[in-house]
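Novice: Structure incoming, see below.
The values are calculated or read from the model by the stated rules, or taken from the named source; none is laboratory data. As the structure is a computational prediction, the values presented were derived from the model and not from experiment. Every residue, glycine as well, gets a Cβ built from its backbone with ideal geometry; the counts of neighbours run over all protein chains shown.
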Amino acid sequence: MTLTKSEISLYDRCEKGDQLAQMQVYDRYSKAMFNVAVRILKDDASAEDAMQESMITAFTKMNQWNREATFGAWLKRIVINNSLTKLRQLKKIEVVSYDVQELQLEEVTDEPLDLEATGMSAQQVMSYFKQLKDSYREILTLFFMEGMDHEEISEITGMSYGMCRTTLSRAKDSLRKKIQANGSR
């Protein structure tokens, strides 16, 4: 990634606390970051809070951005982490011990979920998606919408790698069953 001179200048000014520069960056990224937060939190007000807290965090820790990744990718990671933290604070994520699930790990198949094959519109799929329990919706959002792999998801959620795979597989299966139960296949 190569930054232009104007981007370097903008980010340098943000790092120095220039509020005008920070407002430009905020305007550039706020809508996209709000959308990331709302997909996780499912509440506009909580998503707005998480997004704004993330922007403040980014501006105060700008010196920690290595500038090898894009600013947007770095900020997105902050938004996802803050959104998940907020979700946990709201006690919406079911916490399950890995030890309880370990024996069931081998029983889980990771059959691909082909949403295009359902012939449904994105809006129809999203209506079933919203019916899932919060922990399933969270992990499917990170996997499908944010494009994260098992390692990234387990790191962000604090789940072990095995538990992440199990939860993702069960979430896919739950969504598949909801779609099939409504005769869409």
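Novice: Starting from the stretch 133-155, take each residue that is among the small types (Gly, Ala, Ser) and list its partners that are surrounded by fewer than 20 Cβ atoms within 10 Å (Cβ to Cβ) and at pLDDT below 85, counting only C-beta distances under 6 angstrom and pairs at least six apart or across chains.
Specialist: 135/93; 135/94; 154/161
Novice: For the structure I just gave you, tell me whether residue 75 is modelled with pLDDT of 85 or more and not β-branched (Val, Ile, Thr). Please lay out each step first, then the result.
Specialist: Numbers: modelled with pLDDT of 85 or more: yes; not β-branched (Val, Ile, Thr): yes.
So residue 75 fits the description; yes.
Residues are listed down the side, and each one gets a yes or a no for (1) of a type in the set (A, V, I, L, M, F, W, C); (2) at pLDDT below 80:
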position: 84; (1), (2): yes, no
position: 95; (1), (2): yes, yes
position: 108; (1), (2): yes, yes
position: 118; (1), (2): no, yes
position: 125; (1), (2): yes, yes
